[in-house]
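Below is one structure; the comments refer to it alone.
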Amino acid sequence: MYIGNVTVAHLYKLNKQHLAVNFFTIGFPLFPLKSYWVIDQKAIPVPTQKENTFHCYSRYLFGFAGLGISAVGHNTYGFGENIFLYVLLVGLGVLLIISCAYSWLAFGSSSEKEFKQRKVFGEVLPINALPQYLPLSLQEQLYQDLENRYAAKYQTNDWASDINNNNIKKDNFKLLYTLAYYHKTIHPYADAEALFEKIDGLVRK
């Protein structure tokens, strides 16, 4: 039985990058310690998100708990003919087992859209993570770098006007798309969302 700090999940894998979630374990994960965005062998500390924590518990605990609760629900464990308790416990056990299966088989993989977005990010930044996985300070640092690069390359600080005026070309698309996504993540307002939807809509056409 292992006791100590263990990486219990490697999520959102793409091009040698992924999210690693560390737990303190005594045989099973007990509580989360920290999370990292891993690029090759470099680990960048990132916030531990509740959704990821839940699915780590689901992977390692819910399956066993579901089997145990389902077994207890059967008549042979003292519930006699109490149909309500039987259905309640067996149903809960089945739900826990389904959650465990989903957490192992489906959760932690990027959707098709996220996969495409992250490929774009990875071509203009050293980190291909969705910005919401990253600490705000790092989001702002990367966003500022993107703005500086756009200004230097295209002699304008007003990249948003290029999107609004449909001045989107093959050579500036990836920078504009990444700028708009980071902008709406850091500034979660309607105008920022609308700006991103405009360039995202062009991609979907």
Divide, for the range 112-204, the radius of gyration over alpha carbons by 2.2 N^0.38 Å, where N is the residue count.
-> 0.99
What angle, in degrees between 0 and 90 and rounded to the nearest 10, separates the Cα long axis of helix 173-186 from the longest principal axis of the Cα atoms of the chain?
-> 60 degrees
By per-residue mean of other Cβ atoms within 10 Å, what is the highest-first order of 124-130, 104-110?
-> 124-130, 104-110
Taking the chain as the reference, fit the longest principal axis to its C-alpha atoms, fit the long axis of helix 190-204 to the helix C-alpha atoms, and give the angle between the two in degrees, 0 to 90, nearest 10.
-> 90 degrees
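Starting from the Cα coordinates of the chain, work out the convex hull volume and express it per residue in Å³. Provide the component values of the computation, followed by the final result.
Numbers: hull volume 31.3 nm³, N = 205.
Cα convex hull per residue, to the nearest whole number: 153 Å³.
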How large is the dipole of the chain about the Cα centre if only Lys and Arg carry +1 and Asp and Glu carry -1, each at its Cβ, rounded to the nearest 20 debye?
-> 520 debye
Can you tell me which of 135-146, 41-52, 179-190 comes out highest on packing, and rank the rest after it, using the mean Cβ neighbours within 10 Å?
-> 179-190, 135-146, 41-52
Taking Cα pairs under 8 Å and at least six residues apart, what relative contact order does the range 3-105 come out at, in percent?
-> 20 percent
How much net charge surrounds Ser110 when only the other residues with a Cβ under 13 Å from the Cβ of Ser110 are counted, with Lys and Arg +1 and Asp and Glu -1?
-> +3
Kindly express, to the nearest 10 degrees and within the range 0 to 90, the angle between helix 112-124's C-alpha long axis and the longest C-alpha principal axis of the chain.
-> 40 degrees
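In Å, what Kirkwood hydrodynamic radius results for the range 12-90 from the alpha-carbon pair distances? All intermediate terms of the calculation are to be shown ahead of the outcome.
Numbers: mean 1/r = 0.0658 Å⁻¹.
Mean inverse Cα-Cα distance, inverted, gives 15.2 Å.
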Run the numbers on the chain and let me know its relative contact order in percent, using alpha-carbon pairs under 8 Å that are six or more apart.
-> 13 percent
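If I take R0 = 35 Å and measure r between the Cβ atoms of Ile186 and Glu112 in this structure, what FRET efficiency does the formula 1/(1 + (r/R0)^6) give, to the nearest 0.05? Provide the component values of the computation, followed by the final result.
Details: r = 25 Å, r/R0 = 0.71.
Using R0 = 35 Å, I get an efficiency of 0.90.
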Total charge dipole magnitude, the range 1-91, about the Cα centre, Cβ charges on Lys, Arg, Asp, Glu only, Debye to nearest 20 = 420 debye
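Every read-out reported here was derived from the displayed coordinates using simple, explicitly stated rules and does not represent laboratory data. This one's a predicted model, so the numbers in the text were calculated from it and none came from an experiment. Ideal geometry is used to build each Cβ from the backbone, glycine not excepted, and the neighbour counts take in all protein chains shown.
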